[in-house]
């Protein structure tokens, strides 16, 4: 990666912004020059989630330096949807140069994004679309394909079928898409050999994911596979399998990326496929597209951005890769994981 989580955290100014705090417990971390003429915000729940710090912050820092703009992280540091919505409203009231909202947490974010746009603040969404919000663009993963990728790997590892379980942040819009993609692929291509017996909420917390997994194992001793769709699912699943006395491969597991160390679970055989989003691209391109919207001067049917033109693409699919036992050594080496 070239920069560790520790060095990124050490290199940014962390402050609780008085204008954003209120009930939202908002955290701000800023990148870019102090005298920048443009300021962009990235707003999320769990804004200092290790996954975000490891990947998303890297893209923020790079684009801030390339464009000479300031990019500020804002939002609750825990799961606090009302606080998240309040942070979006409070940020947009300051009329920054642009805002990117992590839309996948909940469809109710549609309304605050609308309010930002009504105030004239250019607003895009990333990591989960809000298609009814009027957002200028969506930048991130096609979550249906996340579900398909996990389903394909699960079927490959269980050619004779079996009972399957799923877990995610169950109300998150992006994960609903992934769950739907997983189920649809299994139903269309599984030949009736697979039975999905459980769809659980792990609340985006590894400890909760472990508790949920233990409950799945107790209710379904013959469970064949478990799929996890948020970044904390996989770690919790593996913890519960270890505690239950299982061996690697006894139960097939597919999951999302978490921290670099989590990739060792693929090498050790606990996880059969880890879906990796190109997260460093999310905010890099979100800010780039907001900056282009403000500055490129391109027109749609003769209309400028201020007149209703759309001088940036509507959607940017940043793609995924699948890490398995076949390619995990290359990933571990690249990430300097011992």
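Read the figures in this text as sums done on the coordinates, not as results from a lab. A quick note: this is a predicted structure, and the numbers were derived from the prediction, not measured. For neighbour counting, all protein chains shown are included, and Cβ atoms are generated from backbone atoms with ideal geometry for every residue, glycine included.
Some points to look at:
- Highest average packing first - 41-53, 286-298, Cβ atoms within 10 Å: 41-53, 286-298
- Compared with the rule-of-thumb size 2.2 N^0.38 Å for a compact globular protein, the stretch 59-192 has a Cα radius of gyration ratio of 1.28.
- Computed over the Cα atoms of the stretch 247-308, the ratio of the radius of gyration to the Kirkwood radius (Rg/Rh) comes to 1.39.
- A straight chain from residue 315 to residue 34 at 0.36 nm per residue would run longer than the Cα-Cα distance by 98.1 nm.
- Diffusion constant of the stretch 166-320 at 25 °C, which comes from Stokes-Einstein with the Kirkwood Cα-pair radius and 0.890 mPa s, µm²/s: 138
- Overall, the ratio between the Cα radius of gyration of the stretch 196-241 and 2.2 N^0.38 Å, rounded to two decimals, is 0.99.
- Residue separation of residue 132 and residue 81 scaled by 0.36 nm, minus their Cα-Cα distance, works out to 16.5 nm of gained length.
- The alpha carbon centroids of the stretch 105-131 and the stretch 47-76 are separated by 19 Å.
- A protection proxy built from the mean count of other Cβ atoms within 10 Å ranks the segments 196-203, 252-259, most packed first, as 252-259, 196-203.
- More than 21 angstrom apart: percent of Cα pairs within the stretch 106-250: 49
- Shape metrics for the chain, restricted to C-alpha atoms - Rg then Dmax, Å: 20.5, 66
- Computed over the Cα atoms of the stretch 271-338, the ratio of the radius of gyration to the Kirkwood radius (Rg/Rh) comes to 1.25.
- In a fully extended conformation the segment linking residue 268 and residue 119 would gain 48.5 nm over its present Cα-Cα distance, using 0.36 nm per residue.
- Residue list for the stretch 229-264, given a label point 7 angstrom along the Cα-to-Cβ vector of residue 329 and an amide N cut-off under 15 Å: 264
- Grouping the Cα pair distances of the stretch 26-125 into 5 Å bins from zero gives a pair-distance distribution of 3, 15, 26, 25, 20, 10, 2, 0 percent in increasing distance order.
- Spatial separation of Cα centroids for the stretch 252-269 and the stretch 174-241, in angstrom: 15
- For the peptides 215-221, 204-210, 69-75, residues were scored by their other Cβ atoms within 10 Å and the scores averaged per peptide; the highest-first order is 69-75, 204-210, 215-221.
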